[in-house]
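Novice: The structure under discussion is supplied below as structure tokens; questions concerning it will follow.
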Amino acid sequence: MAITQTSAPARAPLPGKPRARSFEQANRRLKWAMLAPSLAFVGLMIIFPLVFTLNLGFTDAFGAVNADKDYVGLRNFGDALTDSRRFWPAVQRTVLFTIGAVLLETVLGLALAMLMRKPFRGARWVRTVLIIPLLTTPVAIGILWLLILDPTNGIANHLLASVGILPQEFLGSVSQSLPILMLIDVWQWTPMMTLLLLAGLSTLPAEPEEAAHVDGAGVWQRFRYVVLPMLGPTLATAVVLRSIDALKTFDLLYATKGPGGGSSFEAETLNVYAYGLTFDYQEYGLASAVLVLFTLAIIGVVILLRRRPGRRSA
Amino acid sequence: MSIPSQTLTRRSFGKLAAAMTIIGGGAALGGCSAGGGRPSPNTPLCIMAINHVWSQAIRKHMAEFEERIGRRVSMSLLTSDQLANSYNVKLNASATDIDVMMVRALQEQLLFAHNGWLADLTDRVEGDAGYQWADFLKAPRERSVTGRMVLSVPVVTERPVLYYRKDLGAAPATLDELMETALPLADRRGNFFGFVGRGQRSGAVSMWSSFLYSFGGDFTGQGRSAIARPESIAAYEYYGRLLERAGPPGATNMSLEQAMPIFAQGKAAFYVDADAIYTNFLDPKISTVQETVGFAPFPAGPAGARPFNIPSWSLAISAFSLLRDEAWQFVRWASSPEMVKRLQAEGIPGARQSAWSDPATLASFPADLARTMQTQAQIGLGIDRPDVLQVGRARDIVGRPLVAGILGQPVAPVAREADAEFAEFLVRDNRHREG
């Protein structure tokens, strides 16, 4: 289909035609009127809270946000960055949780996507079942697993007891909590990785793989040297999206471990820490500083993950 | 290909802008007096409350109150966390759509008073002879006063009770007896425990306070941290040992929601928690111990039996309310001598002496529980947590040695470390109070 490009209408005023001029102005207003809701939304819901939080981060706001407060410069940022009892362990747990969960989700998601790539009987059912954890709210998932893993009344210990294994503390244990929470996250989000990668796989051309097959490449070689490089962009996008989400995980952790991420802070990530500073301690200045640092860290991670080999030279 | 251009005249642009303003403004206005102007006769009185038996009971009588004031009442029931967060968000924005607030006087009142969020009720409670302010139990009444102002009125009170299994023996009278009886009964392999109780760092502090007081310890003494004193360390060690050796696995993740079902399912011999939850053990739908559960006073420690008797929930009026007179009418009605007697007769322990002295109000409780509650209401201390502005942070600090004890770690070094942190915290908290 040929597209005929017409030249843009002249912007010069039309002397002697005031009606045309008013149309021109009205069109410009229409443009802004149409944009206004989006601009208002971005301004009110994103820019204003960000600027407000940044501003609070430089104050000693405590008790009430609108109470009298003094500007304290970078003190809150300094306090957070030198806090080895809560802040740095929370950073460590956030990183550990994200890397562990996303790595497992990627590997399992890719494996499942490869298995489901070829049509098979009952594929639609399998996909429907896979979506169920995605549709459930994280708080409901947290409560569900809390009940399953309850050390005294939960079904997990009941099953372990039936094969002679001693009862486990699961989420009540300081050392088991974070790994178990990572596995719950994996249980919930692996299907999303599978669906994203399955969508990516369905767009790949069949010819290169067929050619490799004809050349004698085995299953692993075809996957490693043909499919994986072609799937790279989809894989990278899926990992970035999932990493951002995993970094921000809050509801699952709070629903299962409560304030402070448990009695020994064993599941306290940066998000849980900032929430506690805000709602349990009412230390709005310090909480805002932690949130600003957290936001910067997320932006840093996104930049890092987007810098794939070869992109710099492109 | 040409696209037909749609033009917008100045007039239609004005109409569009006005429509958007109306849509946006309309979305922001709710049912309660959120606008900030004078409330109309149709504006409902807005009550924010905890989802608790008291709130559910008072809601049943609400039509009577609505008829009395000629105004509709809107009552929102939330969990305690949701309620606290709603107050934080709404009152930080000076929202006028909260009139009556259900608050935890010991957890929030000092901070809310510091923020100027609570209306002064002194003249109303003291200037109304028919209200009988002096009839409220001394300990909860004292906790309603901050800076010589009455800022809340207690409606639900709590004391610790020793829940025990009558089929396994008599109730111990002392903490030593409790330990001696609970330890041999524990059988983890058989999924039976000698004792169950709250074990979360922050959540366990209030229930543990009776152990602390009964050992002769306290959170503070003369304005300084007292959590590393020998009596306090002994209380930490005692509770830690009891839960570690006789309690269920994963105790440090246990609050009321996890601990209570263990006793209700017949898997523990003893359980210390608030008297307000006794109905859970008498309900055949969730309890297997309704025939065997017994109720005993808090056992005596080296310093005697020193349980708490606290106002767990109180009513306050928002300083931003535009319906303060109507809000006071509600508080007065809901906490009147008659209503407290009525609710106590339905099984909800109130804060009025007249109700506690009336045997008819205690008829709904099991006889041994009624006796226990009556005794503890008289001797109980009015506080179960540190008396500070930032109660949340304070509980996190003083709860750390408790967790160490439950995990079987040495308590004394953790208590000394927590003591130093608590001392530093108290200085900061005092500075905030004076600020």
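The values are calculated or read from the model by the stated rules, or taken from the named source; none is laboratory data. From a predicted model like this one, the values you see are computed outputs, not experimental measurements. Ideal geometry is used to build each Cβ from the backbone, glycine not excepted, and the neighbour counts take in all protein chains shown. Remember, those area values only see protein heavy atoms, side chains included, never the ligands or the DNA or RNA. Shrake-Rupley method; radii C 1.70, N 1.55, O 1.52, S 1.80 Å.
Novice: Rounded, prolate or oblate, given the Cα gyration tensor of the protein assembly as shown, with a/c below 1.5 counting as rounded? Numbers along the way, then the final one.
Specialist: Working: a/c = 2.08, a/b = 1.34, b/c = 1.56.
It comes out oblate by the Cα gyration axes.
Novice: May I pose another question? What is the list of residues in the stretch A:263-304 whose amide nitrogen lies under 17 Å from a point 7 angstrom out from the Cα of A:LEU81, following Cα to Cβ?
Specialist: A:286-301
Novice: So how much slack lies between B:ARG188 and B:ASP387, counting 0.36 nm per residue of separation and subtracting their Cα-Cα distance, in nm?
Specialist: Full extension from B:ARG188 to B:ASP387 adds 67.9 nm.
Novice: Still on this structure: Test of the criteria: in the stretch A:232-314, which trypsin sites (Lys or Arg not before Pro) are in a DSSP loop and have at most 12 other Cβ atoms within 10 angstrom of their Cβ?
Specialist: Counting only loop positions with at most 12 other Cβ atoms within 10 Å, the trypsin sites (Lys or Arg not before Pro) in the stretch A:232-314 are A:ARG307, A:ARG311, A:ARG312.
Novice: Before anything else, pin down the relative contact order of chain A: Cα pairs under 8 Å, at least 6 apart, normalised by residue count, whole percent.
Specialist: Reported relative contact order: 27 percent.
Novice: Please check: in the Gaussian network model of chain B (C-alpha springs, under 10 Å), which one of B:LEU78, B:LEU402, B:LEU151 has the largest mean-square fluctuation.
Specialist: Answer for the Gaussian network model of chain B: B:LEU78.
Novice: Another one. What ³J(HN,Hα) values, in whole Hz, does the Karplus curve 6.51 cos²θ - 1.76 cosθ + 1.60 give for the stretch B:230-242 when θ = phi - 60°, with x put for Gly and Pro?
Specialist: With coefficients 6.51, -1.76 and 1.60, one gets x, 5, 5, 4, 4, 5, 4, 5, 4, 5, x, 5, 4 Hz.
Novice: Could you work out [θ]222 nm for the protein assembly as shown from helices alone, using -39500 (n - 2.57) per DSSP H run of at least four and dividing by all its residues? Round to the nearest 500 deg cm²/dmol.
Specialist: -16500 deg cm²/dmol
Novice: Per residue, what accessible area does chain A have, given a 1.4 Å probe and all protein chains present, in Å²? Display every interim value, and only then the final one.
Specialist: On the way: 18070 Å² over 314 residues.
That works out to 58 Å² for each residue.
Novice: Using amide H atoms built 1.01 Å from N in the peptide plane, name the residues 5+ places from B:PHE270, or on other chains, whose amide H lies under 5 Å from its own.
Specialist: Counting only residues 5 or more places away or on other chains, the set is B:PHE195, B:VAL196.
Novice: Residue by residue through A:155-168, how many Cβ atoms from other chains fall within 10 Å of the Cβ on average?
Specialist: 1
Novice: Follow-up. So, R0 is 35 Å and r is the distance between the beta-carbons of A:GLU207 and A:ARG307; what FRET efficiency does that work out to, to 0.05?
Specialist: Plugging the Cβ-Cβ distance into 1/(1 + (r/R0)^6) gives 0.70.
Novice: What residues qualify as long-range amide H neighbours of A:THR59, i.e. H under 5 Å apart, gap of 5 or more or another chain, H built at 1.01 Å from N?
Specialist: Correct list: A:VAL72.
Novice: State the Cα centre-to-centre distance between the stretch B:398-435 and the stretch A:270-287 in whole Å.
Specialist: Using only Cα atoms to place each centre, the spacing works out to 19 Å.
Novice: Related question: Take each of the peptides A:90-96, A:199-205, A:35-41, average the number of other beta-carbon atoms within 10 Å over its residues, and list them starting from the highest.
Specialist: Those peptides, ordered most packed to least, come out A:90-96, A:199-205, A:35-41.
Novice: In degrees between 0 and 90, to the nearest 10, how far off the longest principal axis of chain B does helix B:367-379 point, with axes built from Cα atoms?
Specialist: Between the helix axis and the principal axis of chain B, the angle is about 80 degrees.
Novice: Which percent, nearest 5, of DSSP beta bridges in the protein assembly as shown are antiparallel?
Specialist: Values: 27 of 40 bridges.
So the antiparallel bridges amount to about 70 percent of the total.
Novice: If you take each beta carbon of peptide A:252-260 and count the beta carbons of other chains within 10 angstrom, what is the mean?
Specialist: That average works out to 3.
Novice: Sticking with this structure for a sec: As an exercise, use a Förster radius of 25 Å and the Cβ-Cβ distance of B:GLN378 and B:LEU77 to find the FRET efficiency, rounded to the nearest 0.05.
Specialist: Between B:GLN378 and B:LEU77 the formula returns 0.20.
Novice: Would you mind working out the accessible area per residue for chain B, using a 1.4 Å probe, and quoting it in Å²?
Specialist: Details: 17730 Å² over 435 residues.
I get 41 Å² per residue for chain B.
Novice: Using a 10 Å cut-off on Cβ to Cβ distances, tally the other chain neighbours for every residue of B:241-254 and report the average as a whole number.
Specialist: 5
Novice: Can you list residues from other chains, or at least 5 along the same chain, whose modelled amide H is less than 5 Å from the amide H of B:VAL155?
Specialist: Distant-sequence amide H within range of B:VAL155: B:TRP313, B:SER314, B:LEU315.
Novice: Once you put a point 7 Å from the Cα of B:GLU424 and another 7 Å from the Cα of A:ARG124, both along the Cβ direction, what distance in nm separates them?
Specialist: 6.4
Novice: Shifting gears a bit: What does the charge add up to near B:GLY347, with Lys and Arg as +1, Asp and Glu as -1, over the other residues with Cβ less than 13 Å from its Cβ?
Specialist: Here the count lands on -1.
Novice: To the nearest 10 degrees, how steeply does helix B:324-334 sit against the main Cα axis of chain B, on a 0 to 90 scale?
Specialist: With rounding to tens, the tilt is 30 degrees.
Novice: I would also like to ask the following. Computing the accessible area with a 1.4 Å probe over protein heavy atoms, can you report the carbon and sulfur percentage for the protein assembly as shown? Can you show the working numbers first?
Specialist: Working: 21400 of 35810 Å².
After summing per-atom areas, the C and S share lands at 60 percent.
Novice: Which helices, counted as full DSSP H runs in chain A, have an axial Cα extent of no less than 24 Å and a Kyte-Doolittle average of 0.0 or above?
Specialist: Details: long enough: A:18-42 (36 Å, -0.24); A:87-115 (42 Å, 1.58); A:177-202 (37 Å, 1.37); A:228-247 (27 Å, 1.27); A:284-306 (33 Å, 2.31).
Passing helices, by number: A:87-115, A:177-202, A:228-247, A:284-306.
Novice: Further question: Springs between alpha-carbon atoms under 10 Å, Gaussian network over chain A: tell me which of A:ARG86, A:ARG127, A:ARG21 tops the mean-square fluctuations.
Specialist: So, out of A:ARG86, A:ARG127, A:ARG21, the one fluctuating most is A:ARG21.
Novice: Using 1/(1 + (r/R0)^6) with R0 = 60 angstrom and r between the beta carbons of B:ALA360 and A:PHE41, what's the FRET efficiency to the nearest 0.05?
Specialist: With R0 = 60 Å, the Cβ-Cβ based efficiency is 0.50.
Novice: Turning to a different aspect of this structure: Taking K and R as +1 and D and E as -1, what net charge do the other residues with C-beta under 14 Å from the C-beta of B:PHE219 add up to?
Specialist: Computed value for this residue: -1.
Novice: Which shape class, rounded, prolate or oblate, goes with chain B when its Cα gyration tensor gives a ≥ b ≥ c as root eigenvalues, a/c under 1.5 marks rounded, and past that a/b bigger than b/c marks prolate? Mind showing how you got there, number by number?
Specialist: On the way: a/c = 1.88, a/b = 1.62, b/c = 1.16.
Prolate is the answer for chain B, as a/c is 1.5 or above and a/b outweighs b/c.
Novice: What does the buried accessible surface come to for B and A, summed over both chains, with the probe at 1.4 Å? Round to 100 Å².
Specialist: Roughly 3700 Å² of accessible surface disappears when B and A pair.
Novice: Next question. Considering only chain B, what is the antiparallel percent among its DSSP beta bridges, to the nearest 5? Numbers along the way, then the final one.
Specialist: Values: 26 of 39 bridges.
The antiparallel fraction comes to roughly 65 percent.
Novice: Using a loss threshold of 50 Å², tell me which positions in the stretch A:64-98 are less accessible in the complex than in their chain alone. Probe radius 1.4 Å, ligands and nucleic acids ignored.
Specialist: Hits at the 50 Å² cut-off: A:ASN66, A:ARG85.
Novice: Something else: How large is log10 of I(q)/I(0) for the stretch A:87-267 at q = 0.08, 0.13, 0.14, 0.17 Å⁻¹ when the intensity is taken from the Debye formula with one equal scatterer per alpha-carbon?
Specialist: For the requested q values the scattering log ratios are -0.33, -0.77, -0.86, -1.08.
Novice: Next up: Please sort B:160-169, A:68-77 by packing, taking for each peptide the average over its residues of neighbouring beta carbons within 10 angstrom, highest first.
Specialist: B:160-169, A:68-77
Novice: Quick one: grab the alpha carbon gyration tensor of chain A, order the square roots of its eigenvalues as a ≥ b ≥ c, and give me rounded if a/c is under 1.5, else prolate or oblate depending on whether a/b is larger than b/c. Before the final figure, lay out the partial values.
Specialist: Working: a/c = 2.22, a/b = 1.13, b/c = 1.97.
Oblate, since a/c reaches 1.5 and b/c is not below a/b.
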